[in-house]
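Read the structure below first, then the notes.
The values are calculated or read from the model by the stated rules, or taken from the named source; none is laboratory data. Since this is a predicted model, take the numbers as computed values, not measurements. As a convention, Cβ positions derive from the backbone with ideal geometry for all residues, glycine included, and neighbour counts pool all protein chains shown.
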Amino acid sequence: MQNDELKKFTLQSFPFWVSSIVAGLLAVFYSKLFHWVEQLHETINFERAWWIFIVAPLSFFIAWWLVHKFSPTASGSGIPQLIASIQFSGQKNGSSNILKLLNVKVIIVKIISSITLLLGGGAIGREGPTIQISGAIFNTIYRFVPDFWPKINQRLMLISGGAAGLAAAFNTPLGGIVFAIEELGKTHLNAMRTHLFTAVIIAGLTSQLFLGSYLYIGTPDVPEMKGMAIIHVILTAIFSSFFGYLFSTILLKVIRWKKILKYTKQKAAWAIFMGLLFATLIYFTGNESTGSGKTVMVDLLFNENSSTQWHTFPSRFFASIITYVSGGAGGIFAPSLSIGATLGDGIVNLLNIPEFKNLIIITSMIAFMTGVTHAPFTSFILVLEMTNRHTSVFSMMLAALIAISVAKILNKKSFYEQLVEDYLSSPLFTPKKEKNKLIK
């Protein structure tokens, strides 16, 4: 009896193990490619460089064209696509709808389109795309499991894929698990704990095997939250969460407005126009508004003399919006953190509190990301694991708690939730009769 149960458990776990290894390896490849392009940006000064008006529109157009031509569901972050796939699992025609969102073509187009966008300086991250890529790997391997194999839950497979993707992308295993529970699964941990933990551990270890046990940001010095610092943290959390809400609201409005562009020529013109708009912004502000923003975060947290200019926060804010709505592939996880960091530094300069600089920057990162995603635990755990600042755990938790309270007052649904609703009601996936049923 015990041997039969062990055999069944091993056979059920095997697809998760294989998927996790493949996802970890591909995450490493994607990470190295992304990092190489960002390093290239550091050697080039885009400020006052006339050729940015050629490079940016061209890269924005090619990134959009790749998505439009080969895989429309590879656009944007990738997290809404994975959440929609999880929603589709178990529904009528669910497998065919999931296949449109998570397949091998999506993986290839996602990587090439996002790197192309990044080559032009696009303000994007690789974390959201890595999550969709990992989900696509898990779904592809799930489809190849033979009929005689012990039954595997597709929904659990997709949730584990998303968690493994985030863990491998940020090197944050706890963040991957919390993200799966808070954002993907919204279900009790007991129902999925073994396979989920296994997927995260294997994908994370595979990534660490090649990249090492690194911290995404490092270990900055963060002062204790005492005295007036508590007031500053509370004000920062409120302020940053509001701007996170504003960021996601603008993104959503533009994405939905874009639906009036019915013809390919109109969409192509939009991508080129966004490229020109982005080039204009970079021409006057420089490299601080390009890429994921990781360099900006590290510089602010580790260089005492580093300080942002008055235009750094608004330029990163709008650079990320322009890049995302252009139609190519790219995420907003890392850009959200970098926007939050520049906003936090702006608050430090405005209030003239340099002694609390890193504390305010870190809490602003958490609060801004929470304002966008409505996932306070994920935001808090990610930043905690990125910085290894356990001494600041209570200030981080306080910022996350205040941020989600503000975010829920401003909008009950997160940016991702609203995009998922669009996917669920899209005629590309669902017959008209089933739209209302799926949304409910």
Practice task
For the stretch 351-361, indicate whether the set of residues that are modelled with pLDDT of 90 or more, surrounded by 23 or more Cβ atoms within 10 Å (Cβ to Cβ) and of a type in the set (Val, Ile, Thr) is non-empty.
Solution key: yes
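Each row is one residue, and each column tells you yes or no for (1) surrounded by 23 or more Cβ atoms within 10 Å (Cβ to Cβ); (2) within 21 Å of HIS35 (Cβ to Cβ); (3) not basic (Lys, Arg).
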| site | (1), (2), (3) |
| --- | --- |
| VAL109 | yes, yes, yes |
| SER113 | yes, yes, yes |
| GLY120 | yes, yes, yes |
| ILE124 | yes, yes, yes |
| THR130 | yes, yes, yes |
| PRO146 | no, no, yes |
| GLN154 | no, no, yes |
| ILE159 | yes, no, yes |
| ALA169 | yes, yes, yes |
Practice task
Return a yes/no flag: does the stretch 223-241 have any residue that is within 26 Å of VAL372 (Cα to Cα), at pLDDT below 80 and more than 19 Å from the chain's Cα centre (by Cα).
Solution key: yes
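So for the stretch 40-50 (the condition being assigned to a loop (DSSP other than H, G, I, E, B), aliphatic (A, V, I, L, M) and either within 22 Å of LYS105 (Cβ to Cβ) or touching a helix residue (DSSP H, G or I) at 6+ places or on another chain (Cβ under 9 Å) (or both)), does at least one residue qualify? Show your work before the answer.
Kept after step one, since they are assigned to a loop (DSSP other than H, G, I, E, B), are these residues of the stretch 40-50: 43-50.
From what is left, the residues that are aliphatic (A, V, I, L, M) are 44, 49.
With either within 22 Å of LYS105 (Cβ to Cβ) or touching a helix residue (DSSP H, G or I) at 6+ places or on another chain (Cβ under 9 Å) (or both) added as a condition, the list becomes 44, 49.
So far as the stretch 40-50 goes, yes, one or more of its residues are assigned to a loop (DSSP other than H, G, I, E, B), aliphatic (A, V, I, L, M) and either within 22 Å of LYS105 (Cβ to Cβ) or touching a helix residue (DSSP H, G or I) at 6+ places or on another chain (Cβ under 9 Å) (or both).
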Practice task
Being modelled with pLDDT of 90 or more and either surrounded by fewer than 18 Cβ atoms within 10 Å (Cβ to Cβ) or touching a Lys or Arg at 6+ places or on another chain (Cβ under 9 Å) (or both) is the filter here, so list the residues in the stretch 93-102 that pass it.
Solution key: LEU99
Exercise for the section: Determine, yes or no, whether LEU26 is at pLDDT 90 or above, surrounded by 17 or more Cβ atoms within 10 Å (Cβ to Cβ) and closer than 25 Å to ALA163 by Cβ. Expected result: yes
Fill in the blank from the handout: In the stretch 374-407, residues that are more than 23 Å from ILE250 (Cβ to Cβ) and outside any helix (DSSP H, G or I) total 2
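Mind checking which residues of the stretch 242-266 are more than 22 Å from the chain's Cα centre (by Cα) and either surrounded by 15 or more Cβ atoms within 10 Å (Cβ to Cβ) or within 20 Å of THR323 (Cβ to Cβ) (or both)? Step through it out loud before you land on a result.
Step one: filter the stretch 242-266 for residues more than 22 Å from the chain's Cα centre (by Cα), giving 257, 259-266.
Correct list: TRP257, LYS259, LEU261, GLN266.
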Practice task
Please indicate, with yes or no, whether at least one residue in the stretch 306-329 is under 17 Å from the mean Cα position of the chain (by Cα), surrounded by 21 or more Cβ atoms within 10 Å (Cβ to Cβ), part of a helix (DSSP H, G or I) and of a type in the set (Gly, Ala, Ser).
Solution key: yes
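I'd like the residue in the stretch 151-205 that is hydroxyl-bearing (Ser, Thr, Tyr) and under 20 Å from SER77 (Cα atoms) and, out of all such residues, is modelled with the lowest pLDDT. Please lay out each step first, then the result.
First, the residues of the stretch 151-205 that are hydroxyl-bearing (Ser, Thr, Tyr): 160, 172, 187, 194, 198.
Pick out the ones that are also under 20 Å from SER77 (Cα atoms) and you get 160, 172.
On the way: SER160: 89, THR172: 77.
For the stretch 151-205, the residue satisfying everything is THR172.
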Practice task
From the list LEU300, LEU281, pick out the single residue that is touching a Lys or Arg at 6+ places or on another chain (Cβ under 9 Å) and aliphatic (A, V, I, L, M).
Solution key: LEU300
Practice task
For the stretch 29-48, indicate whether the set of residues that are surrounded by 14 or more Cβ atoms within 10 Å (Cβ to Cβ) and without any contact (Cβ under 8 Å) to a residue 12 or more places away in the chain is non-empty.
Solution key: yes
Practice task
Consider only pairs whose beta carbons are under 9 Å apart and that are at least six residues apart or on different chains; among these, list those whose first residue lies in the stretch 328-347 and is in contact (Cβ under 8 Å) with a residue 24 or more places away in the chain and in the same structural domain as PRO314 (by TED's automatic domain parsing) and whose second residue is basic (Lys, Arg) and surrounded by fewer than 24 Cβ atoms within 10 Å (Cβ to Cβ).
Solution key: ALA334/LYS294; LEU337/LYS294; SER338/LYS294; GLY344/LYS357; ASP345/LYS357
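Where residues in the stretch 65-92 are touching a Lys or Arg at 6+ places or on another chain (Cβ under 8 Å) and assigned to a loop (DSSP other than H, G, I, E, B), which of them is modelled with the highest pLDDT?
First pass over the stretch 65-92, keeping only residues touching a Lys or Arg at 6+ places or on another chain (Cβ under 8 Å): 68, 70-71, 73-74, 78, 86, 89-90.
Still in the list and also assigned to a loop (DSSP other than H, G, I, E, B): 71, 78, 89-90.
On the way: SER71: 92, GLY78: 89, SER89: 83, GLY90: 75.
Within the stretch 65-92, the match that is modelled with the highest pLDDT is SER71.
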Problem - Test result for GLY371, closer than 30 Å to THR280 by Cα, in a helix (DSSP H, G or I) and more than 22 Å from the chain's Cα centre (by Cα) - result: no
Exercise for the section: Return the residue satisfying two criteria in turn: it lies in the stretch 64-92 and is touching a residue at least 12 places away in the same chain (Cβ under 8 Å) and more than 19 Å from LEU419 (Cβ to Cβ), and of such residues it is surrounded by the most Cβ atoms within 10 Å (Cβ to Cβ). Expected result: LEU66
Exercise for the section: With respect to LEU58, determine if the residue is in the same structural domain as ARG126 (by TED's automatic domain parsing), touching a strand residue (DSSP E or B) at 6+ places or on another chain (Cβ under 9 Å) and assigned to a helix (DSSP H, G or I). Expected result: no
Practice task
Name the single residue, out of those in the stretch 1-16 being of a type in the set (Phe, Trp, Tyr) and surrounded by fewer than 17 Cβ atoms within 10 Å (Cβ to Cβ), that is farthest from LEU205 (Cα to Cα).
Solution key: PHE9
